[in-house]
1. Give just the number: which of (1) closer than 22 Å to Leu116 by Cβ; (2) at pLDDT 95 or above; (3) over 17 Å from the mean Cα position of the chain (by Cα) does Gly2 not satisfy?
2. Identify all residues within the stretch 12-26 that are among the small types (Gly, Ala, Ser) and either in contact with a strand residue (DSSP E or B) (Cβ under 9 Å, 6 or more places away or on another chain) or at pLDDT 95 or above (or both); write none if there are none.
3. Take Leu87 and decide whether it is closer than 27 Å to Gly14 by Cβ and either touching a residue at least 40 places away in the same chain (Cβ under 8 Å) or assigned to a strand (DSSP E or B) (or both).
4. Among what's in the stretch 49-65 and is in a helix (DSSP H, G or I) and among the hydrophobic types (A, V, I, L, M, F, W, C), pick the residue that is modelled with the lowest pLDDT.
5. Filter the stretch 90-105 for residues that are at pLDDT 95 or above and part of a loop (DSSP other than H, G, I, E, B) and give the result.
6. Does Ser41 fit the bill of being among the hydroxyl-bearing types (Ser, Thr, Tyr) and surrounded by fewer than 11 Cβ atoms within 10 Å (Cβ to Cβ)?
7. Residue pairs, Cβ under 8 Å, 6 or more apart or interchain, first in the stretch 21-33 and under 16 Å from Val111 (Cα atoms) and in contact (Cβ under 8 Å) with a residue 24 or more places away in the chain, second among the basic types (Lys, Arg) and surrounded by 17 or more Cβ atoms within 10 Å (Cβ to Cβ). List them.
8. Taking the stretch 29-48, which residues are modelled with pLDDT under 95 and in a loop (DSSP other than H, G, I, E, B)?
Amino acid sequence: MGTRLLAEAAGQGGELRLSCTGLDFSENFTKACYLAFESASRLESLSEMLRQNSRPPERYHLKPHLSLFYGKLTRENRQRIRGMVDLPEIVRFGGLAAVCTPASTKSSRDVLRWQLLASRELKAAPENS
């Protein structure tokens, strides 16, 4: 997998736009605070294409999100953040990246071991679309 696959995926259209469904928190190191999104057929197709081309293909359940913080947050910090964030209706993504990660990411040291396999810019869509 690599640049060819991302080029093929990027060629399927312009930027990816996802509807934000909320701000949420978890105990997962890489999802301490995140924006959750509705899925979209294009995103599901991209995810499946990448999954099928992974070696070995893994079972993966797509839960679209954008992590804002990694680590652990106290209840007080979660409340503070919730009061500070204005949720966008739509978030535009202008690129794709394929990253190889350890089986589990529980620390910043694990994050430093992530390897960027390939990245590709998505063409911006016209403003009126």
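The values are calculated or read from the model by the stated rules, or taken from the named source; none is laboratory data. Since this is a predicted model, take the numbers as computed values, not measurements. Every residue, glycine among them, receives a Cβ derived from its backbone with ideal geometry; neighbour counts consider all protein chains shown.
1. Just one mismatch for Gly2, condition (2).
2. If the condition is that a residue be among the small types (Gly, Ala, Ser) and either in contact with a strand residue (DSSP E or B) (Cβ under 9 Å, 6 or more places away or on another chain) or at pLDDT 95 or above (or both), then Ser19, Gly22, Ser26 are the ones that fit.
3. Spelling it out, Leu87 is indeed closer than 27 Å to Gly14 by Cβ and either touching a residue at least 40 places away in the same chain (Cβ under 8 Å) or assigned to a strand (DSSP E or B) (or both).
4. Leu50
5. Selection gives nothing.
6. When the stated conditions are applied, Ser41 passes them.
7. Correct list of pairs: empty, since none qualify.
8. Across the stretch 29-48, the qualifying residues are Ser39, Ala40.
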